[in-house]
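Comments concern the structure below.
The values are calculated or read from the model by the stated rules, or taken from the named source; none is laboratory data. It should be emphasised that the depicted structure is a prediction, and the values quoted were computed from it without experimental measurement. Positions of Cβ are backbone-derived with ideal geometry, glycine not excepted, and every protein chain shown enters the neighbour counts.
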Amino acid sequence: MKPVVMTENLGKVYNPGSIPVTALRNATITIDRGEFTTIVGPSGSGKTTLLNLLGGLDRPTSGSVCINGIDIATLKDPELIDFRLWNIGFVFQHYNLIPVFTARENVAFIMLLQHRNKQQIRERADQLLDEVGLSHRRDVRPAQLSGGEQQRVAVARALATEPKFIIADEPTANLDTAAAMNLLDIMERMNREKQITFVFSTHDQRVIERARRVITLVDGAIVTDRQHAS
Amino acid sequence: MPIDFILAWRNIWRNRRRTLITVGGVLFAVVLSIFSQSLNRGSHEIMLDNMIRFGTGYLQLQDEAYRDEPSLDNSFTWEAATARRVAAAHPRTGQLLPRIETFMLAAGDQATRGSLVVGIDADAEQRFNGLTDRISAGRFFTPDKPEVVVGQGLARRLQLTTGDTLALIGQGRFGMSASGLFEIVGIIKHPLREQDDQIVYLPIDVARQLLSAEGQITTLLVAPERASETEAIATALRRTFKDDGIRVLTWPELMPELLNLLRLDMAGSYLLSGILYIVIGFGFYATVLTMTLERLREFGTLISLGMKRTRLIRVIFLETLSISLIGVAAGLTLAWLVLFYFRLYPIRLRGDLAATVIDMGWEPILPVSFAANIFFSQGVIVFVLALVISLYPLLKIIRLDILTAARS
Ligand SMILES: Nc1ncnc2c1ncn2[C@@H]1O[C@H](COP(=O)(O)OP(=O)(O)OP(=O)(O)O)[C@@H](O)[C@H]1O
Ligand SMILES: [Mg+2]
C-alpha cells in the first residue's frame, strides 16, 4: 500500500531578517497507513516545523513532501488549502475552535466546506461527538467547555472530513493528566477502529509511551526512529 | 440559513456594545444627513412647484425659433385640430393651457413701466394652478372683454388700482403696432416675485386681437395627469410634432439656471453629510480594525483547516455590510418617522422670515421633502463606505501567513 506521507531530504531554513535559522535538515521519513507515531525532542528541535511540513501548512526550502502520493510542491496555494481540507485533519495545542459556534457547529462547519449533504453532516457531527463522549455538550460554545472537552471537540472536527491522517502538534500540552490520557484513549481507538494515521508531537513521557513509533529530533535532525513493540 | 451568514451574524454580536456603538454612529449620520437634505430640498420643491405652476408648466410646446428669439413672430397656430393631436399623442396628456405673451409698455396717468402681457384662458389656468384665487382686489376678467388683471407690484409702481384704465403700447405680430386701453378689474398677488412686478393678464382672444395674432399662441403648457410622466409625454409629443417646426421642452429644460442655483444651494447639506460620514467612517473603521486584529489567529485556523481565503473574505465582508445595513435600515426608518412628524407638525417660521414667506404666497413653515433619492443616496453612501472599510480585513486575509497567525 502507498505510504500516507513520504519525505525526502526535507529541510527548512527560516530567514527572518538576515540570520538564517536551520529548523530542519535532511529529514527522510515514510509514514504508512495506520501508524500511531510521535515526534519528540527538546524545545526548538524542529517538531512543529516538521509537522507543519507534513500537514501541508508550510512549504520546505529543500527536499520534498508527498502526501497521499501527491507532491505538495505541485500545488498552488488555493489548491493546497483544498488539499488539506480533503486529506488531512488538524488538532492544535490551543484547540482553536471557532468561539461563536457550538461544539456541534464546529464539527459540522468543516463538512459544510466540503459541500456535503446537510442531513449527513448533522448525523455525522452528532455521531462523532458521541464517539468523543460529548453528546451531552454539543449545543455549548467552546468558552463553556473545559480544555479537555475542547480538545475532544477538536478531534471530532479533525475526524469529520474523513482524512487519511491527522496531525496534532502537542495536543495534550494544555491538558491535565486525566484529560490527556482520555484524549489518547480516543485517538488510539480511532486509529485502531478506523485505521486513521496519527502523527503527533509531545514532551510528555506518558504520551510517548503510548505511541508505537517514536521519532526523535535534535537541532532539526532526526537522531533516532524507533518502533515500540505493541 | 447559509453557514457563512450565521458565522458573520454571530461574529457581529460577539461584542454587542461595540457593534451597537458602530450601528448608532451610522444611524446618527443617516438621520442627520437625511434631515438636513430634506429640509433643504423641501423648500426647493415648493419653489419649483410654484415655478412650474405659475411659470413654465411641466412641459411646453413652442415654435422652434421661440426659445432663441422669444417674439410674436415665432408664435404658432393653435386650433382644435392641434389640441386633438396633442391629446392623441399620449393617453394622459392632461390639461392644455394656451398662452400668448410679449413685452409691452404699460402706462397709467402717473407712470410707465415695462410689463409682461400674457393672454390666458382663465378657466384653464384656474384648474391648473388656482390663479384666479390669488386675486387680492377686484375680480378676474371676463373673457372677450377689454379687461385686465395686474400684478400687485406693477399696480403699485404705476399707482393704479381697480377701476383705473391701463394703456398697453407695443408691437404686435410682424411689426404691427399694438396699443389699447383696458380696465383694471383685478389686482393679483402673483406667487412669483418678479412676475408680480410686471405681469398683466388679459383674455387670450383679446390679447390676440391686440397683437394682430389671431389664432396664434406663443406657448402651450401641458399639465400631465401625473407629473412623473412628464418625460414620457414629452417624448410622445416630440414624435407627434417632429415635422411641424414645434419644439417640446420639459420644465428642467425651461429653467436650467434655477436648477443650477438650487443644486448649489444643496452644497451646504452635502458638506454636512460628507463630514458626518467621514467621522462615522473612521469610527466604523476602528471597529473593523479591532474585529480583524483580534481574530487573526482564528482566520489562520480556518485557512489551515481548509477554508478558502476568498470565502473567508466573503464572511468578513458580510459582517461589515450587515453592520452598515442595520445602521442604514434603522437610520432610514428613524429619519422617515422624524420627517413624518415634521410634516404633521411643521416647524413654523416667525418674524421677518415668516412675513417674507407669506408675502411670496407660501405657508410660513419649514417644508420637508420625502424625495426618494435623499433616502436612497444614504444607502448607497453607507454601502460604499462599508466596501472601502472592508478593504482592510480583506488585504489582511489575502496576505495572512497562517503559521504566524497561529503563533499570535
Ligand atoms: N517562523 C519562524 N521564523 C524563524 N525561526 C523560526 C520560525 N519558526 C520556528 N523557528 C525556529 O526554528 C527552530 C525550530 O522551531 P520549532 O518551532 O519547529 O521547534 P519545536 O520543536 O516545535 O519547539 P517547541 O517544543 O518549543 O514547540 C527554532 O530554533 C525556532 O526558533
Ligand atoms: Mg512546537
In region B:106-122, is there at least one residue being crowded, with 20+ Cβ neighbours inside 10 Å, under 15 Å from B:TYR58 (Cβ atoms) and in contact (Cβ under 8 Å) with a residue 24 or more places away in the chain? no
Among the residues of region A:125-154, which ones are surrounded by fewer than 17 Cβ atoms within 10 Å (Cβ to Cβ), of a type in the set (Gly, Ala, Ser) and within 12 Å of A:ASN106 (Cα to Cα)? none
Okay, helices (runs of 4 or more DSSP H) sitting entirely in region B:225-305 with 1 or more residues that are within 14 Å of chain A (Cβ to nearest Cβ), crowded, with 20+ Cβ neighbours inside 10 Å and in contact with a strand residue (DSSP E or B) (Cβ under 7 Å, 6 or more places away or on another chain), I get B:296-305
Across region A:61-84, what is the number of residues that are more than 13 Å from chain B (Cβ to nearest Cβ) and of a type outside the set (A, V, I, L, M)? 9
Could you tell me whether region A:85-101 includes any residue that is modelled with pLDDT under 95, within 16 Å of ligand 1 (Cβ to nearest atom) and in contact with a strand residue (DSSP E or B) (Cβ under 7 Å, 6 or more places away or on another chain)? yes
Within region A:85-104, residues more than 14 Å from the chain's Cα centre (by Cα) and more than 8 Å from chain B (Cβ to nearest Cβ) come out as A:LEU97, A:THR102, A:ALA103, A:ARG104
Is region B:187-194 home to any residue that is at pLDDT 90 or above, in contact with a Gly (Cβ under 9 Å, 6 or more places away or on another chain), within 24 Å of B:GLY108 (Cβ to Cβ) and surrounded by 21 or more Cβ atoms within 10 Å (Cβ to Cβ)? yes
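Among the residues of region A:61-86, write down those that are in contact (Cβ under 8 Å) with a residue 40 or more places away in the chain and surrounded by 21 or more Cβ atoms within 10 Å (Cβ to Cβ). Show your work before the answer.
Keep residues of region A:61-86 that are in contact (Cβ under 8 Å) with a residue 40 or more places away in the chain, which gives A:61-69, A:85-86.
Answer for region A:61-86, where residues must be in contact (Cβ under 8 Å) with a residue 40 or more places away in the chain and surrounded by 21 or more Cβ atoms within 10 Å (Cβ to Cβ): A:VAL65, A:ILE67.
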Subset of region A:28-69, residues of a type in the set (Asp, Glu) and in contact with a Leu (Cβ under 8 Å, 6 or more places away or on another chain), comes to A:ASP58
Which pairs turn up if I take residues in region A:19-31 that are more than 14 Å from every other protein chain (Cβ to nearest Cβ) and in contact (Cβ under 8 Å) with a residue 12 or more places away in the chain and look for partners that are more than 16 Å from ligand 2 (Cβ to nearest atom) and not in a strand (DSSP E or B) with beta carbon separation below 7 Å, at least 6 apart in sequence or on another chain? A:THR30/A:PRO3; A:ILE31/A:PRO3; A:ILE31/A:VAL4
Of the criteria (1) over 13 Å from A:GLN93 (Cα atoms); (2) surrounded by 20 or more Cβ atoms within 10 Å (Cβ to Cβ); (3) among the acidic types (Asp, Glu), which one A:GLU170 fails: (1)
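Condition first: farther than 25 Å from B:SER228 by Cα and among the basic types (Lys, Arg). Can you find one or more residues in region B:68-84 that meet it? So that I can check it myself, show each step before the final result.
Here is the first cut: in region B:68-84, the ones farther than 25 Å from B:SER228 by Cα are B:68-81.
Those still in the list that are among the basic types (Lys, Arg) too: none.
Scanning region B:68-84 turns up no residue that is farther than 25 Å from B:SER228 by Cα and among the basic types (Lys, Arg).
Matching residues to (1) under 21 Å from B:MET266 (Cβ atoms); (2) of a type in the set (Gly, Ala, Ser); (3) without any contact (Cβ under 8 Å) to a residue 12 or more places away in the chain:
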residue: B:THR320; (1), (2), (3): no, no, no
residue: B:GLY327; (1), (2), (3): no, yes, no
residue: B:ALA330; (1), (2), (3): no, yes, no
residue: B:ALA355; (1), (2), (3): no, yes, yes
residue: B:SER369; (1), (2), (3): yes, yes, no
residue: B:ILE374; (1), (2), (3): yes, no, no
residue: B:SER390; (1), (2), (3): no, yes, no
residue: B:LEU400; (1), (2), (3): no, no, no
Any idea how many residues of region A:1-59 are crowded, with 17+ Cβ neighbours inside 10 Å, among the basic types (Lys, Arg) and more than 16 Å from ligand 2 (Cβ to nearest atom)? 1
Which pairs have Cβ atoms under 8 Å, sit 6 or more apart or on different chains, and link a residue in region A:163-178 that is away from chain B (no Cβ under 14 Å) and outside any loop (DSSP other than H, G, I, E, B) to one that is within 16 Å of ligand 2 (Cβ to nearest atom) and modelled with pLDDT of 95 or more? A:PHE165/A:VAL199
Top-ranked residue in region A:179-213 [being assigned to a strand (DSSP E or B) and away from ligand 2 (no atom under 16 Å from the Cβ); ranked as farthest from the other protein chains (Cβ to nearest Cβ)]: A:ARG213
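For every residue, the table says whether it meets (1) part of a loop (DSSP other than H, G, I, E, B); (2) at pLDDT 85 or above; (3) more than 14 Å from chain A (Cβ to nearest Cβ).
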| site | (1), (2), (3) |
| --- | --- |
| B:ILE374 | no, yes, yes |
| B:VAL380 | no, yes, yes |
| B:TYR392 | no, yes, yes |
| B:LEU395 | no, yes, yes |
| B:LEU403 | no, yes, no |
| B:ALA406 | no, no, no |
Single residue of A:VAL218, A:VAL140, A:VAL153, A:VAL214 found to be among the hydrophobic types (A, V, I, L, M, F, W, C) and in contact with a Phe, Trp or Tyr (Cβ under 9 Å, 6 or more places away or on another chain): A:VAL153
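Could you identify the single residue in A:VAL199, A:VAL214, A:VAL218 that is closer than 16 Å to A:LEU53 by Cβ and among the β-branched types (Val, Ile, Thr)? Break it down stepwise before answering.
Working: A:VAL214 fails: closer than 16 Å to A:LEU53 by Cβ; A:VAL218 fails: closer than 16 Å to A:LEU53 by Cβ.
Result: A:VAL199 is the single residue among A:VAL199, A:VAL214, A:VAL218 that is closer than 16 Å to A:LEU53 by Cβ and among the β-branched types (Val, Ile, Thr).
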